[in-house]
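Everything on this sheet refers to the single structure shown next.
The values are calculated or read from the model by the stated rules, or taken from the named source; none is laboratory data. Model, not experiment: these values are computed from the prediction. Note that we place each Cβ from the backbone using ideal geometry, even for glycine, and neighbour counts take in every protein chain shown.
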Amino acid sequence: MGFPKRLRIRIIVLIVIFIVAGTASYILLLAPNRGAKVTALANTSADERYPIWSPDGSKIFFRSDNWICVCNPDGSRHEKLTEIEEDFVFSPDMRRVFYKKTVSNEDKVTYQAYVMDIDGKNHEKIAELTLEEKYVDDRGYIGDKGPMYWMYSWSPDRTKIFFKKLEETDYTWVYREEEGKWKRYMAGTEPSIPVLQEEDSHWEGTKLISKEHESTAWIWDLKENELRFIGDLSYGIVHYNLRGEIVWSPDGKYVALPCSELSETGETRQIFVVNMETGESIGLTSFIGANTWPTWSPDSMTIMYVQVPPRHEMWWWPGMFNDNEGCDIWMVDIDGSDRKQLTDIPKNWEEGIWSPDGSKIVYYSQQVESKGYEIWTMNTDGSDKKLLVKVERLGDARWSPDGSKIAYVAGKLHNRDIYVIDMPK
């Protein structure tokens, strides 16, 4: 990716060296766009990540090792608030902290939800749900093994938690070599099952058969303390979502998530949106590959997502994540209309975040074989791309509520730091 000719780049090299247990650690390399001021919030030996702006933009909350901390956007008035080991979310007013636990005991699994003040006081359990611990198992087939139920993300008002359930159907999918496609069979009626014959391949000997599982959406209503069925999603293999892949719309009416889907082209990952009031779901994508990391527009009407092409050497499993080809940013309305591609750079990774007013996108960019990242901005139609900063390693990025600043995480794993960019006028 070349720099636009009209941009004059002033290179500032900052090599920050920390001595930790007698070892020098080289953390960050910055090359800011002219006019983009970068401020380090706290260069420490702690692992700082997950920046969240206060509603008025006057504070940045973040995690430092296992502490919840807060400081001003210029790095001043740094304060430790409370220690917590679990992943957590804030209440909308940033005054309380919510987190959840999963406890297994013999053949039961118990899900627990907690809340406390941001300083750790007034700690209480708000709900507890116990289910029979069941598993789904694709061993011997294309797929994975794991729990039947999996707990994911909090609703915006923190009164519900999204669950996904996987349940085996009575069908399998088998690759038919003579037809060059996958076909669905009633389990036990399949013809001969082909075996992958590729020497020097980790996958040699794999049986080209997939066991079909139905994926359904559920919510744990914390006020009623009940697990409630919402609607059907897809039919695919045993597959679990990563942290941040299942996202509620800002208005709390929808959930977007990537789901495994089986078809005659094989197993792929497609973006689905489920209406949390009616239970109706719609598949927004059909690209043969992996569609993932959905992100909502502020008005809850459009979804930005990442499209990853299939791995050529794994033609028989197009949904397998491709580490070699990179990905592009796409956008689509929640009814499936107005689909458009925003980036198109071969062998490059990108992922975007909406500005608060929905008019801009900040996105990460990285060449497949490069260790460096770039942070860019663009309009929501993909135009007016501008480089903001180059970093050695990159994590989360968050816009301030007024869109004038961006907080981002950079540095080596377990020794990350948070920086703030003042957006050029």
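Computed quantities for the displayed model
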| quantity | calculated |
| --- | --- |
| Cβ pairs under 6 Å, 6+ apart, first in the stretch 342-365 and free of Cβ contacts under 8 Å to residues at least 40 places away in the same chain, second surrounded by fewer than 19 Cβ atoms within 10 Å (Cβ to Cβ) and hydrophobic (A, V, I, L, M, F, W, C) | Lys347/Val368 |
| Some residue of the stretch 80-96 being over 30 Å from Tyr235 (Cα atoms), in contact with a Phe, Trp or Tyr (Cβ under 6 Å, 6 or more places away or on another chain) and not in a strand (DSSP E or B) | yes |
| Test: Gly143 is surrounded by 12 or more Cβ atoms within 10 Å (Cβ to Cβ) and in a loop (DSSP other than H, G, I, E, B) | yes |
| Glu168 being acidic (Asp, Glu) and either at pLDDT below 95 or within 30 Å of Ala42 (Cα to Cα) (or both) | no |
| Residue list for the stretch 113-133, filter: in a strand (DSSP E or B), free of Cβ contacts under 8 Å to residues at least 40 places away in the same chain and surrounded by fewer than 17 Cβ atoms within 10 Å (Cβ to Cβ) | Asp117, Glu124, Lys125, Thr130, Glu132 |
| Given (1) closer than 22 Å to Val273 by Cα; (2) in contact with a Ser or Thr (Cβ under 6 Å, 6 or more places away or on another chain); (3) assigned to a strand (DSSP E or B), number of the condition Gly358 does not satisfy | (3) |
| Verdict on Val238 being among the aliphatic types (A, V, I, L, M), modelled with pLDDT of 90 or more and part of a loop (DSSP other than H, G, I, E, B) | yes |
| Answer from Leu222, Leu227, Leu233, Leu242 - the residue that is more than 21 Å from Cys259 (Cβ to Cβ) and of a type outside the set (Gly, Ala, Ser) | Leu222 |
| Qualifying residues in the stretch 240-298 (those that are charged (D, E, K, R) and over 21 Å from Lys211 (Cα atoms)) - the one surrounded by the fewest Cβ atoms within 10 Å (Cβ to Cβ) | Arg243 |
| Enumeration of residues in the stretch 372-385 that are more than 10 Å from Lys360 (Cβ to Cβ) and in a strand (DSSP E or B) | Tyr373, Glu374, Ile375, Trp376 |
| Of all residues making up the stretch 401-419, the number that are surrounded by fewer than 18 Cβ atoms within 10 Å (Cβ to Cβ) and either over 20 Å from the mean Cα position of the chain (by Cα) or at pLDDT 90 or above (or both) | 5 |
| So Lys134, is it of a type in the set (Lys, Arg) and under 30 Å from Ile84 (Cα atoms) | yes |
| Total residues in the stretch 368-414, condition charged (D, E, K, R) and within 22 Å of Tyr305 (Cα to Cα) | 8 |
| Strands (runs of 3 or more DSSP E) fully within the stretch 248-314 counting 2 or more residues that are within 16 Å of Gly236 (Cβ to Cβ) | 254-263, 266-275, 281-283, 290-296 |
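The rows are residues; the columns are (1) of a type in the set (Asp, Glu); (2) buried (at least 19 other Cβ atoms within 10 Å of the Cβ); (3) at pLDDT below 95.
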residue: Gly372; (1), (2), (3): no, no, yes
residue: Val389; (1), (2), (3): no, yes, yes
residue: Gly395; (1), (2), (3): no, yes, yes
residue: Trp399; (1), (2), (3): no, yes, no
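So that you can scan it fast, the table gives a plain yes or no per residue for (1) among the polar types (S, T, N, Q); (2) in a loop (DSSP other than H, G, I, E, B); (3) under 30 Å from Glu280 (Cβ atoms):
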site: Trp330; (1), (2), (3): no, no, yes
site: Asp335; (1), (2), (3): no, yes, yes
site: Trp349; (1), (2), (3): no, no, no
site: Lys390; (1), (2), (3): no, no, no
site: Gly395; (1), (2), (3): no, no, no
site: Arg398; (1), (2), (3): no, no, no
site: Pro401; (1), (2), (3): no, yes, no
site: Val409; (1), (2), (3): no, no, no
site: Tyr419; (1), (2), (3): no, no, no
